[in-house]
1. Could you check how much of the accessible area of the chain is carbon and sulfur, as a whole percent, using a 1.4 Å probe?
2. Here are some values of mean projected area of the Cα convex hull in nm²: (1) 16.4; (2) 20.9; (3) 17.2. Which one was computed from this structure?
3. When you count, for each residue, the other Cβ atoms within 10 Å and take the mean per peptide, how do 313-320, 124-131, 156-163, 241-248 rank with the highest first?
4. Quick one: work out the % antiparallel among DSSP beta bridges in region 151-285, nearest 5.
5. Given labels modelled 7 Å from the Cα in the Cβ direction, how far is it in nm from residue 5 to residue 196?
6. With a 1.4 Å probe and all protein chains kept in place, how do 135, 307 rank by accessible area, largest first?
7. Listed highest first by mean packing, meaning other Cβ atoms within 10 Å per residue, what order do 194-207, 39-52, 16-29 come in?
8. Per residue, how much accessible area does the chain have with a 1.4 Å probe, in Å²?
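The values are calculated or read from the model by the stated rules, or taken from the named source; none is laboratory data. Please read all numbers here as calculations on a predicted model, not as lab measurements. Positions of Cβ are generated from backbone atoms using ideal geometry, with glycine treated the same way; all protein chains shown enter the neighbour counts. Heavy atoms of the whole protein, side chains included, go into the accessibility calculation; ligands, DNA and RNA do not. Shrake-Rupley method; radii C 1.70, N 1.55, O 1.52, S 1.80 Å.
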Amino acid sequence: MELFEQLKTKISGQNKTIVFPEGEDVRIQGAAVRLAADGLLKPILLGDSKAIAATATANNFDLSGVEVIDPANYNETALSQLNAALVERRKGKTDAETAAKWLKDVNYFGTMLVYTGKADGMVSGATHPTGDTVRPALQIIKTAPGSSRISGAFIMQKGDERYVFSDAAINIDIDAPTMAEIAVQSAKTAKVFEIDPRVAMLSFSTKGSAKSPLVDKVAEATKLAKELAPEFADVIDGELQFDAAFVPTVGAAKAPDSKVAGHANTFIFPSLEAGNIGYKIAQRLGGYEAIGPILQGLAKPVSDLSRGANEEDVYKVAIITAAQALA
């Protein structure tokens, strides 16, 4: 089954609620209306209620299945509760006055809806830079147990082929502990997308064929990843060159004792530049659809859109976010 059909089946009837801080945007509204009409999730649009209504009227959108919240006219008691929850969460780093200013920002307001359980996830970034989406998530939702950082994965899909490439979006300086965490996060992401993870820790060396501190880093990351997640220990291996990870005959020749070599479907790159270049080569030369970036490692899902996203992109990212919320 095609990926998004699988995900639709997974989230349908689960009543997951996704908040969209950029509710005045036509792309966001179009996707929200479709998501509600398809019965996939419950959308919440944030923004100026009059501006949201004007966009809906101009585009003949029926918002009857969509909740609209205007933060500037939010229930006073509920707003006070959000403020108190934010101050408590920040543990002395943010006072009530600062919290009130933050809650006027739709991304902070939306993040607090996720944190307090009003929403199961958030999708933003159509009109805001990545930092405006990620910063409130890190300050409020924070990382999941076992994670000390977030990372960004892409699902690479073509026909019935489906792979995870990570990190290709977030961490610039990747040391061994970071690479190990990314590997574990990516194995979990693979399972969300119906991929039985076989995780290759990539390098320019396979099992010591080259000597370098860069090779040692990947070997150490492999060891740490197995210790971090014993449940994945048998399906994480490295260091492996890409051909040894991907091509069965090469894997058998270069790493004959590996359960991953030649059969990997989740690829962990040793640097952000390698990951970013790698996924774009697969996308542009290999003809793979690149779905993402998918933020990994947060306690609750927050997704960052490209500002060049279209309505279909918003629709798909919301489906992904709801699937992450289920997991």
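1. The computed percentage sits at 51.
2. Answer by label: (3).
3. Peptide ranking by packing, descending: 313-320, 241-248, 124-131, 156-163.
4. 40
5. 2.1
6. On the way: 135 115, 307 145 Å².
Ranking 135, 307 by accessible area, largest first, yields 307, 135.
7. Highest to lowest by the protection proxy: 16-29, 194-207, 39-52.
8. Accessible area per residue: 44 Å².
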